[in-house]
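Every read-out reported here was derived from the displayed coordinates using simple, explicitly stated rules and does not represent laboratory data. Given the structure is predicted, the values throughout are model-derived calculations rather than measurements. Cβ coordinates were reconstructed from backbone atoms using ideal geometry, including for glycine residues, and neighbour counts include every protein chain displayed.
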Amino acid sequence: AVYVDEFRRGYFPDSCPPSSHIVLNFPEEGDRQKVTMHWMDGGIQPERPEELEPNEIMGDGGNGVLMIGDKGTMMCSTYGRNPRLLPTSLNEVIAVPETISRVPEGHYHQWVNGCLAGYGEMKMSSGFETAGPLTESILMGNLAIRSYDYLEQVTETYTDDTGVEKSRVRDTFPGRNIQLLWDGPNMKITNFEPANQFVKREYRDGWSLGI
């Protein structure tokens, strides 16, 4: 929740909020353990890791990534640059082997080369099988933000101080203070139907994508 005044939450139906904290829960599946991901922006930052020395900078000072596991913590700068173990003294005694091939020509050039080669003709560092689910998870964050500001107006009756019954319109936000449940194979939210209007729109006649 973003507060724009004393005890008054902000409402941003046409733009992103000035800050947000989104939590994505990926359940255990097969040999993959449960993962909880926190996305924070607009100045919101996680708690400072205990492994950092008092004068060491968290991330790159403004942005960064923390990966907290059962056996330790890793910290990166913006976009995953400069990954290092915490405490940072471990980087002097532990050599992490390189298991993922690098992209010497850069991702942009690789993308162009892949387009020229044709679908399925070139192994990409981040193919559709990886980039698709990644994009889907990130868009879930936007879906949570849009659902948070979904507005419904309800009419309610009340009795004033003189005993006269009156009616008034009250703004409600049913997408707040709930957890959205995502059905990936069917591409829909299962427990809050209004959110699905942001997943797929109804196109006008003649503008359908045919899917």
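Just the C-alpha atoms of the chain: what Rg/Rh do they give, with Rh taken as the Kirkwood radius? Result for the chain is an Rg/Rh of 1.06. Taking the longest Cα principal axis of the chain as reference, the axis of helix 107-117 is set at about 90 degrees.
Subtracting the Cα-Cα distance of ILE178 and GLU165 from 0.36 nm times their residue separation leaves 1.4 nm of extension gain. As a length-normalised measure over Cα pairs under 8 Å and 6 or more apart, the relative contact order of segment 58-211 settles at 10 percent. Positive-end ranking of PHE128, PRO194, PRO49 along the dipole of the chain, with charges on Cβ about the Cα centre, is headed by PHE128.
In terms of surrounding Cβ atoms within a 10 Å radius of their Cβ, SER15, SER20, SER137 rank from fewest to most as SER15, SER137, SER20. For the chain, the longest principal axis of the Cα atoms and the long axis of helix 128-148 meet at an angle of about 30 degrees. Our summary of shape: the Cα atoms of segment 48-93 have principal axis extents of 24, 22, 19 Å, ordered from largest down, in whole angstrom.
Contour minus end-to-end for TYR108 and ARG8, with contour as 0.36 nm per residue of separation and end-to-end as the Cα-Cα distance?
Numbers: separation 100, 0.36 × 100 = 36.00 nm, distance 4.41 nm.
Stretched fully, the TYR108-ARG8 segment lengthens by 31.6 nm.
Annotation: extensible slack from PHE198 through MET67 equals 44.2 nm (criterion: 0.36 nm per residue apart, minus Cα-Cα distance). Cross-link partners of LYS188 among lysines, defined as those whose alpha carbon lies under 17 angstrom from its own and excluding same-chain residues fewer than eight positions apart: LYS200. In the chain, the calculated helix contribution to ellipticity at 222 nm averages -5000 deg cm²/dmol per residue, counting -39,500 (n - 2.57) for every DSSP H run with n ≥ 4.
The GluC sites (Glu not before Pro) of segment 30-103 that DSSP puts in a loop, and whose beta carbon has at most 14 other beta carbons within 10 Å, are GLU47, GLU50, GLU56, GLU98. Of all lysines in the structure, those lying under 26 Å Cα to Cα from LYS71, and not within fewer than 8 positions of it along the same chain, are LYS34.
Here is the list for segment 140-211: trypsin sites (Lys or Arg not before Pro) lying in DSSP coil, each with at most 16 other C-beta atoms within 10 angstrom of its C-beta, are ARG176, LYS200, ARG201, ARG204. At what distance in angstrom do the alpha carbon centres of segment 21-40 and segment 184-211 lie from each other? That distance is 24 Å.
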